[in-house]
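J.: Pasting a structure below so you can have a look.
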Amino acid sequence: MKVRLQFEKNVRYISHLELMRTIQKILKRSNLPIRYSEGFNPHIVLSIAVPIPVGVCGKNEYADFELTTDMTEDEIISALKNASDSAVRPKAVKIGDAKDFKYTVYAKYSINIVSKDTKKIIEFLSRDEINTEKKAKGKIKIINLKEYIHEMNFQETADGLNIDCILACGNEKNLNPMLIRKALIKENFDIEIFNADRIDVFDAEFKGFF
């Protein structure tokens with residue numbers, strides 16, 4: 001049986017591979033009848049919706065795995081919560097076929113910036129063109145960040161700025177929000193804190209995966 005897991009990644013500085021290992025450990029500790037691949041080196045059949053960038057917490061992340069025995073959703077989530085740690089928090093599960101992760105197009109982020117240059121940052125991010133370097137497959141190229149930003153809303157706070165934004169997120173186009181931080185630092189803005197949380201991911205019609 002196929003299971004979709006909704007979870008929260010509560011730590012910022014672990015890589016995609018470390019996250020995969022953490023989820024695999026939770027699955028093993030849960031004592032659920034997990035399906036493994038066949039062959040010489042069997043491993044847990046597990047897939048993640050979209051890798052989450054280092055430095056970003058994920059409020060609603062998704063993974064698929066399989067069980068060899070039928071169980072209820074309540075039984076599965078209870079076992080996973082009992083086996084989890086503070087790094088990854090299982091939130092809910094759904095049994096059955098679900099929308100393929102390959103249809104991911106957008107991600108919603110909440111960015112908190114502590115800075116004395118709030119108004120200058122808003123002006124800078126409101127430009128039609130923001131060029132910065134992006135490293136992909138070992139090569140560095142110059143991209144216009146605004147081509148990857150679908151929506152961006154600003155709210156000034158007592159010590160800085162909150163930004164709610166929808167960024168490209170998928171196989172064809174993808175923007176790591178930490179590139180926004182990089183662009184701000186390159187402009188020598190005062191940045192004391194830059195925290196980004198990924199709130200959710202969506203398909204082209206802004207429909208979720210759970």
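J.: Do any residues in segment 13-34 that are touching a residue at least 40 places away in the same chain (Cβ under 8 Å) have Cβ atoms under 9 Å from those of residues that are aromatic (F, W, Y), where the two are at least six apart or on different chains, and which pairs are they?
T.: Short answer, once both residue conditions are applied: I23/F7; I23/F65; I26/F7; L27/F65; L32/F65.
J.: Restricting to segment 1-50, give me the number of residues that are of a type in the set (S, T, Y) and surrounded by 16 or more Cβ atoms within 10 Å (Cβ to Cβ).
T.: 2
J.: Open to solvent by less than 30 Å² (accessible area, probe 1.4 Å) and either modelled with pLDDT of 95 or more or not aromatic (F, W, Y) (or both), is that true of I95? Lay out the reasoning, then the answer.
T.: Numbers: open to solvent by less than 30 Å² (accessible area, probe 1.4 Å): no; either modelled with pLDDT of 95 or more or not aromatic (F, W, Y) (or both): yes.
For I95, the condition - open to solvent by less than 30 Å² (accessible area, probe 1.4 Å) and either modelled with pLDDT of 95 or more or not aromatic (F, W, Y) (or both) - is not met.
J.: Just checking, does segment 9-19 include any residue being within 30 Å of I180 (Cβ to Cβ) and among the polar types (S, T, N, Q)? So that I can check it myself, show each step before the final result.
T.: Going residue by residue through segment 9-19, those that are within 30 Å of I180 (Cβ to Cβ) are 9-19.
Going one step further and asking which of them are among the polar types (S, T, N, Q), we end up with 10, 15.
Yes: segment 9-19 contains one or more residues that are within 30 Å of I180 (Cβ to Cβ) and among the polar types (S, T, N, Q).
J.: State the number of residues belonging to segment 36-49 that are part of a loop (DSSP other than H, G, I, E, B) and closer than 17 Å to T22 by Cα.
T.: 3
J.: Test D85 against the criterion of being open to solvent by 40 Å² or more (accessible area, probe 1.4 Å), among the charged types (D, E, K, R) and within 17 Å of C169 (Cβ to Cβ), and give yes or no.
T.: Details: open to solvent by 40 Å² or more (accessible area, probe 1.4 Å): yes; among the charged types (D, E, K, R): yes; within 17 Å of C169 (Cβ to Cβ): no.
When the stated conditions are applied, D85 does not pass them.
J.: Out of segment 74-88, which residues are at pLDDT 95 or above and of a type in the set (D, E, K, R)?
T.: D74, E75, K81
J.: Looking only at segment 176-210, filter to residues that are farther than 27 Å from E133 by Cβ, surrounded by fewer than 18 Cβ atoms within 10 Å (Cβ to Cβ) and among the acidic types (D, E); which one of those is farthest from the chain's Cα centre (by Cα)?
T.: E205
J.: Additional query: Take the conditions in a loop (DSSP other than H, G, I, E, B) and small (G, A, S) and apply them to A98. Does it pass?
T.: Values: in a loop (DSSP other than H, G, I, E, B): yes; small (G, A, S): yes.
Against the criterion (in a loop (DSSP other than H, G, I, E, B) and small (G, A, S)), A98 qualifies.
J.: Out of the residues in segment 120-144 meeting the condition of being assigned to a loop (DSSP other than H, G, I, E, B) and at pLDDT 90 or above, tell me which one is surrounded by the fewest Cβ atoms within 10 Å (Cβ to Cβ).
T.: Here the residue is D128.
J.: Can you work out which of the residues in segment 100-117 that are within 18 Å of R4 (Cα to Cα) and touching a residue at least 40 places away in the same chain (Cβ under 8 Å) is surrounded by the fewest Cβ atoms within 10 Å (Cβ to Cβ)? Reasoning before the result, please.
T.: Residues of segment 100-117 within 18 Å of R4 (Cα to Cα): 100-104.
After this cut, where a residue has to be touching a residue at least 40 places away in the same chain (Cβ under 8 Å) as well, the list is 101-104.
Numbers: F101: 19, K102: 10, Y103: 16, T104: 22.
Once the filter is applied, the top-ranked residue is K102.
J.: Sticking with this one: Collect the residues in segment 1-45 that are under 25 Å from K59 (Cβ atoms) and small (G, A, S), keeping them in residue-number order.
T.: S15, S30
J.: Would segment 54-65 turn up any residue that is basic (K, R), within 22 Å of the chain's Cα centre (by Cα) and modelled with pLDDT of 95 or more?
T.: yes
The values are calculated or read from the model by the stated rules, or taken from the named source; none is laboratory data. Note that the structure is a prediction, hence the values are computed from the model and not measured. Cβ atoms come from the backbone with ideal geometry, glycine included; neighbour counts cover every protein chain shown. Ligands, DNA and RNA are stripped out before the accessible areas are found, and what is left, the full protein with its side chains, is counted by its heavy atoms. Shrake-Rupley method; radii C 1.70, N 1.55, O 1.52, S 1.80 Å.
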